[in-house]
Amino acid sequence: MRVFPASIPLDGQTVIVVGQGPMAEPKARLFASSPARLLWFTGESSDPVASDIAQYAKIIRRVPTRRDFRGATLIFLAGGEARALDKLARWGRGQGALVNIVDSPAASDFQTPAIVDRDGIVVSIASGGAAPVLSVDIRAAIEQILPARVGVIADLARELRGTVKSVLNKFDDRRAFWERALRGKARDLALAGHKAGARREMLRELNGETTEPTGIVHLVGAGPGDPDLLTLKAARLLREADVIVHDRLVSDGVMDLARRDALRIDVGKTKGHHPVSQEQIGEILVREARKGQRVVRIKGGDPFVFGRGGEELDVVRAAGIAVEVTPGITAAVACAASAGIPLTHRDHAQSVTFASGVVKKDGPDPDYRALSAANSTTVFYMGVGAAPDIQAKMVAAGRNPSTPVALIENGTLDTERRVYGTLGDLAGLVTRDAISGPTIMIVGDVAGTAISQATTTTTTGREQFA
């Protein structure tokens, strides 16, 4: 271990930054919202200081003197002539401060690590100044893993530490309590933003008032398929899940992020083949949660956009089980973006409507008159089998048969395929190009913006980007 990443408490400490510009400002920003007293000597520069720093720091527009360094804990010297920097460093060390000369690790008492700041939790990545870019990249990876509110849990632990110690005399008892408290319901409440509820749950746990765990259900959107488009929260929930109830549209790349020992239950459906009914899916969610499990019900796209997430939410709530919804990037938005099609455009479409090509048995048809309005975009989910009906009903409702259409099959995946044509030939496009995978249909002049950018055309009306 070449460097030791020690932690320095900042309450009541003084931090000094000397210099200006891109070398000094990041150092000042590090401490802008900390409890430390921040002094920033900018020399005689009259350049404006970033507002997020100015409201916390004392800006001093001159060069510091030896006396200014009295009582400082950390001093950052950012830029300047070597002789002047050496003098300032000697003054700082003479006052008992640790000195960092920016971009000169060998001449510094310490190096600034890459930092992940979650209030009560701070993670530092140190390379001893040898590879700061690598440290920044590692920080970015850690940022994706740590929940945004993990610091709330640390704050609660700090607040209750004395109380726990007074109630539980033995170290092993305290350790067991913190394991239960920081990995159970209190943790879930804190990460969901309910700090008061998390505190109450911790106190109930401390007083022995907790009941048998009832678990929790998370309705999670997996996005369109590309695992890089999964939200950070969805990725975390997958890593933590005891049980994962998934659809066929959840890609292997997304499922690879899950715990290997999690129970996986496939409830996928295809057209005309529903091996697990919607009623049975609800029963599975309730059954597994009642075992005290963390259940993730993950669906392609967004659970509340043609994902029947609302029905499952009602079932879980009716059973008295905690349930949370984590949205995903819905397929319409993701597929259109992947194909370079803006769903709204000031010149072509002032509104966009999402519609389903499949309706509930004996249920009402969509309002095709509204779906066929000019200067608008209509996006159909599950429309491949209904393409002839969609074509006929939109034309009958007044939409021009020459309106551009785009079919995006397996959007955002390596197997993505884009087919372009017109509304009057929609059914023919589906047949000739053998569209069979999950497909988004975009009807409107915006689809024409993608066609105009295409560079190759075939006699079938299919156009692809070069």
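The values are calculated or read from the model by the stated rules, or taken from the named source; none is laboratory data. Keep in mind the model is a prediction, meaning the values are calculated, not measured. Ideal geometry is used to build each Cβ from the backbone, glycine not excepted, and the neighbour counts take in all protein chains shown. Ligands, DNA and RNA are stripped out before the accessible areas are found, and what is left, the full protein with its side chains, is counted by its heavy atoms. Shrake-Rupley method; radii C 1.70, N 1.55, O 1.52, S 1.80 Å.
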Quick check, is residue 329 touching a helix residue (DSSP H, G or I) at 6+ places or on another chain (Cβ under 7 Å), in contact (Cβ under 8 Å) with a residue 40 or more places away in the chain, surrounded by fewer than 19 Cβ atoms within 10 Å (Cβ to Cβ) and of a type in the set (Val, Ile, Thr)? no
Restricting to region 308-347, count the residues that are polar (S, T, N, Q), in a loop (DSSP other than H, G, I, E, B) and under 30 Å from residue 288 (Cα atoms). 1
Where residue 86 falls short, out of the listed (1) touching a helix residue (DSSP H, G or I) at 6+ places or on another chain (Cβ under 9 Å); (2) surrounded by 19 or more Cβ atoms within 10 Å (Cβ to Cβ); (3) part of a helix (DSSP H, G or I): (2)
Which listed residue, of 418, 399, 432, is within 34 Å of the chain's Cα centre (by Cα), of a type in the set (Lys, Arg) and either at pLDDT 90 or above or surrounded by fewer than 16 Cβ atoms within 10 Å (Cβ to Cβ) (or both): 418
Go through region 95-117 and report how many residues are acidic (Asp, Glu) and outside any strand (DSSP E or B). 2
Only one residue in 376, 372, 338 is without any contact (Cβ under 8 Å) to a residue 60 or more places away in the chain, farther than 30 Å from residue 242 by Cα and out of contact with any Cys (no Cβ under 7 Å at 6 or more places or on another chain). Which one? 372
Residue pairs within 8 Å by beta carbon, gap of at least six or interchain, first lying in region 192-208 and part of a loop (DSSP other than H, G, I, E, B) and exposed (fewer than 15 other Cβ atoms within 10 Å of the Cβ), second of a type in the set (D, E, K, R) and at pLDDT below 90, listed first then second, are 193/149
Residue list for region 37-77, restricted to those being open to solvent by less than 20 Å² (accessible area, probe 1.4 Å) and not small (Gly, Ala, Ser): 38, 39, 40, 41, 42, 53, 64, 69, 74, 75, 76, 77
Among the residues of region 223-282, which ones are of a type in the set (Lys, Arg), touching a residue at least 40 places away in the same chain (Cβ under 8 Å) and open to solvent by less than 80 Å² (accessible area, probe 1.4 Å)? 233, 236
